[in-house]
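Below is one structure, written out as structure tokens; the observations come after it.
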Amino acid sequence: MTKTSGEAPIALHQLLLLRHAKSSWDDASQPDHERPLSGRGRRAAKAMGHTMRDLGLAPDVVLVSTATRTLQTLQALEPWDETPLTERLDVLYLADPPKLLGVLHAVADTARSVLLIGHNPGLHELAILLVGPQAMTQANEMTRRLAERYPTGALAEFAIPGPWSTLGEGGGRLLRFLMPRDLPELAH
């Protein structure tokens, strides 16, 4: 909790935005929604799960697209120390930032930490929107990396002051941005 002078405390929430891990293109006839993870994607998602546990990143709620690759990414992150409430949502499949925000606005304020597993370009655009234009122009190394790309398997962690229902542009402080290549298990 943070407190401003003379005001009630403001609850801080944690938002974790995870792009699904690398998917397989082995079967060109397979519908996009049904594409599974590649071997590399499974390894990267499992490594991200280990890293999340090591960093204490444990969501209360997981919001995940119904695409096969997002569900398999979630499965590779497990097991959790405490099982989060998981919602599989069709609306997250290839969702744009307004749809993603709409889903986040509906999260109960009792949820301290939310993990959203989705797709680009919407997830990347949402992360940039949450950082906000002023913070993006005063970019540090982490925001520069975020601005450049949001590769498969990447995770952004945001601190969100206030209720989920008011989340919008500039409403998040970027705390961490991890790409699979940053993880010790995958470093070459």
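Using only side-chain charges placed at the Cβ, +1 for Lys and Arg and -1 for Asp and Glu, the dipole size of the chain relative to its Cα centre rounds to 440 debye.
Only Lys, Arg, Asp and Glu carry charge here, each on its Cβ (+1 for the first two, -1 for the last two); on that basis the range 27-119 has a dipole of about 360 debye about its Cα centre.
Close amide H pairs (under 5 Å, H built 1.01 Å from N) link residue 35 with 68, 69, residues at least 5 positions away or on another chain. The longest stretch of the chain left intact once loop-based trypsin sites (Lys or Arg not before Pro) with at most 10 other Cβ atoms within 10 Å are removed from consideration, loops following DSSP, is 4-148. What shape does the chain take by its C-alpha gyration tensor, where a ≥ b ≥ c are the square roots of the eigenvalues and a/c under 1.5 counts as rounded, a/b above b/c as prolate, and the rest as oblate? Prolate, because a/c is 1.5 or more and a/b exceeds b/c.
Can you give the angle from 0 to 90° between the axis of helix 68-77 and the longest principal axis of the chain, with both taken from C-alpha atoms, to the nearest 10? Computed tilt is about 70 degrees.
Basic side chains Lys and Arg get +1 at the Cβ, acidic Asp and Glu get -1 at the Cβ, and with that the dipole of the range 93-188 about its Cα centre reaches some 60 debye.
Overall, the accessible surface of the range 31-83 at a probe of 1.4 angstrom is composed of carbon and sulfur to the extent of 49 percent.
Among 79, 161, 121, the largest mean-square fluctuation in a Gaussian network model of the chain, built with springs joining Cα atoms closer than 10 Å, belongs to 79.
In the chain, what % of DSSP beta bridges are antiparallel (nearest 5)? Close to 50 percent. Note on the range 138-172 and the range 10-38: Cα centroid distance 18 Å, given to the nearest whole angstrom. As a calculated quantity, the FRET efficiency between residue 141 and residue 28 at R0 = 45 Å, using C-beta atoms, amounts to about 0.75.
The residue among 36, 156, 114 whose Cα reaches farthest toward the positive pole of the charge dipole of the range 35-188, with charges on the beta-carbon of Lys, Arg, Asp and Glu, is 36. In the chain, a dipole from Cβ-located charges (positive for Lys and Arg, negative for Asp and Glu) runs towards its positive end, and of 166, 147, 133 it is 147 whose Cα lies farthest in that direction. Annotation: amide H-H contacts under 5 Å for residue 176 (H modelled 1.01 Å from N, sequence separation of 5 or more, or interchain): 157.
Each of the GluC sites (Glu not before Pro) that DSSP puts in a loop and that has at most 16 other Cβ atoms within 10 Å breaks the chain; the longest unbroken stretch is 83-168. For the range 118-132 versus the range 51-103, the inter-centroid distance based on Cα atoms is 15 Å.
The values are calculated or read from the model by the stated rules, or taken from the named source; none is laboratory data. On a predicted model such as this, the values are computed, not experimentally measured, just so you know. FYI the Cβ positions are ideal-geometry reconstructions off the backbone, even for glycines, and counts take in every protein chain you see. Side chains are part of the model used for accessible areas, which takes the heavy atoms of the whole protein and leaves out ligands, DNA and RNA. Shrake-Rupley method; radii C 1.70, N 1.55, O 1.52, S 1.80 Å.
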